[in-house]
Amino acid sequence: MWRTSAVRSMLLEKVAGLPAADPESGEDDGGLGPDFERTRRRAVFMVALDWIAILILVLLDPSPPTRLALGPFEGTVFTLAILAVAVHSGFRLGQLEKLNAIRRLARDLGRFTGDD
């Protein structure tokens, strides 16, 4: 038989890479604590910021004919900048998906064991 708090602690420490929360804190979020929600909100904010940055880069591009092209001209720097921001956005989207899965699992764990 497992302890629900130990499973939640393992989810936070081993899977999410966050410090374990107090057992009494945050029952509405599956017992994951405020650090978990802060990390999740930060991931959402960074994804939105990355998308806004991509939109601004595309709209303010001074040379539309060479947009998103690689070669021996200054458009290559623009293309690499958009790719770097897009890669960062993808990383944060993956992190957000992992955090959402952990939150769903913690809530389901509470329902399964009758802790909520």
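The values are calculated or read from the model by the stated rules, or taken from the named source; none is laboratory data. For clarity, every value in this text was computed on a predicted model and none was experimentally measured. Positions of Cβ are generated from backbone atoms using ideal geometry, with glycine treated the same way; all protein chains shown enter the neighbour counts.
Assuming residue 115 fulfils every condition listed in (1) of a type outside the set (Gly, Ala, Ser); (2) modelled with pLDDT under 90; (3) part of a helix (DSSP H, G or I) apart from one, which condition is it?
(3)
Checking the structure you have, find out if any residue of the range 41-51 is modelled with pLDDT of 80 or more, of a type in the set (Gly, Ala, Ser) and touching a helix residue (DSSP H, G or I) at 6+ places or on another chain (Cβ under 6 Å).
yes
Take residue 9 and decide whether it is among the polar types (S, T, N, Q) and modelled with pLDDT under 80.
When the stated conditions are applied, residue 9 does not pass them.
Would you say residue 21 is surrounded by 13 or more Cβ atoms within 10 Å (Cβ to Cβ), farther than 15 Å from residue 100 by Cα, modelled with pLDDT under 80 and of a type outside the set (D, E, K, R)?
Answer is yes for this residue.
Report, ordered by the first and then the second residue, all pairs with beta carbons closer than 6 Å, sequence separation of six or more or different chains, a first member in the range 1-28 that is of a type in the set (S, T, N, Q), and a second member that is at pLDDT below 80 and assigned to a loop (DSSP other than H, G, I, E, B).
4/115; 5/23; 9/20
Return yes when residue 87 is farther than 17 Å from residue 13 by Cα, modelled with pLDDT of 95 or more and touching a Ser or Thr at 6+ places or on another chain (Cβ under 8 Å) and no when it is not.
Numbers: farther than 17 Å from residue 13 by Cα: yes; modelled with pLDDT of 95 or more: yes; touching a Ser or Thr at 6+ places or on another chain (Cβ under 8 Å): no.
Against the criterion (farther than 17 Å from residue 13 by Cα, modelled with pLDDT of 95 or more and touching a Ser or Thr at 6+ places or on another chain (Cβ under 8 Å)), residue 87 does not qualify.
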